[in-house]
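**Student:** Quick one: structure below, then a few questions.
The values are calculated or read from the model by the stated rules, or taken from the named source; none is laboratory data. Quantities reported herein were computed from a predicted structural model and do not represent experimental measurements. Every residue, glycine among them, receives a Cβ derived from its backbone with ideal geometry; neighbour counts consider all protein chains shown. Accessible surface areas use protein heavy atoms only, side chains included; no ligands, DNA or RNA. Shrake-Rupley method; radii C 1.70, N 1.55, O 1.52, S 1.80 Å.
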Amino acid sequence: LKRTQYTLDTKSLADGVYRVKIVAADLLSNPPGNSLRHAIISKPFLVANSLPAITWSEPRITGGSATLAFSVTTPASPLYQIEYSIRGGAWQVVFPDDGITDQNREKFEITVENLSKGEHILLVRAVDMVGNIGTSQYRIQIP
């Protein structure tokens, strides 16, 4: 390349950790034997294109309360924050079973109380460390 800038489209790469090797040479502006060449390898960088995935377990329903367990998995970047909303209300942060959201797979449990009879929708939004957002919803039926 003759340009001094190159854009790498990471969307075409699989999730993972990469390094880039750059080789510069002045062959075009020097006679043979007098040219110089130098290479440098970048620090490792993460490519994470996959969205966090949410997997639900069967809820435990007692009267007007429901306890829902779910896990969130992301293949490349650790998870950053998980939030939920019930009935389209304000988003609330939820912490995993181990108390800190910092792994590629975390397990969660939410208990929602004072639910009236009928259907309620619980929304979950999962964000990983590079900003990928995965969402899911679960329909809760209170008899």
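**Student:** Can you name the condition, by its number, that Glu83 falls short on among (1) at pLDDT 95 or above; (2) closer than 20 Å to Gly16 by Cβ?
**Tutor:** (2) is the only condition that Glu83 fails.
**Student:** Scan the range 55-95 residue by residue and report those that are open to solvent by 30 Å² or more (accessible area, probe 1.4 Å) and aliphatic (A, V, I, L, M).
**Tutor:** Correct list: Ile61, Ala90, Val93.
**Student:** So, Ser50, is that one hydroxyl-bearing (Ser, Thr, Tyr), touching a residue at least 40 places away in the same chain (Cβ under 8 Å) and in a loop (DSSP other than H, G, I, E, B) or not?
**Tutor:** Taking the combined requirement at face value, the residue satisfies it.
**Student:** How many residues does the range 103-140 hold that are of a type in the set (Gly, Ala, Ser) and within 17 Å of the chain's Cα centre (by Cα)?
**Tutor:** The number of residues fulfilling the criteria is 4.
**Student:** If you don't mind, there's one more thing I want to ask. Just to be sure I understand the filter: pairs with C-beta atoms under 7 Å, separated by 6 or more residues or on different chains, first member in the range 15-32 and farther than 30 Å from Pro75 by Cα, second member surrounded by 11 or more Cβ atoms within 10 Å (Cβ to Cβ). Which pairs pass?
**Tutor:** Matching pairs, first to second residue: Ala25/Ser35; Asp26/Ser35; Leu27/Ser35.
**Student:** Residues being within 28 Å of Pro78 (Cβ to Cβ) and open to solvent by 50 Å² or more (accessible area, probe 1.4 Å): count how many of those fall in the range 122-143.
**Tutor:** 7
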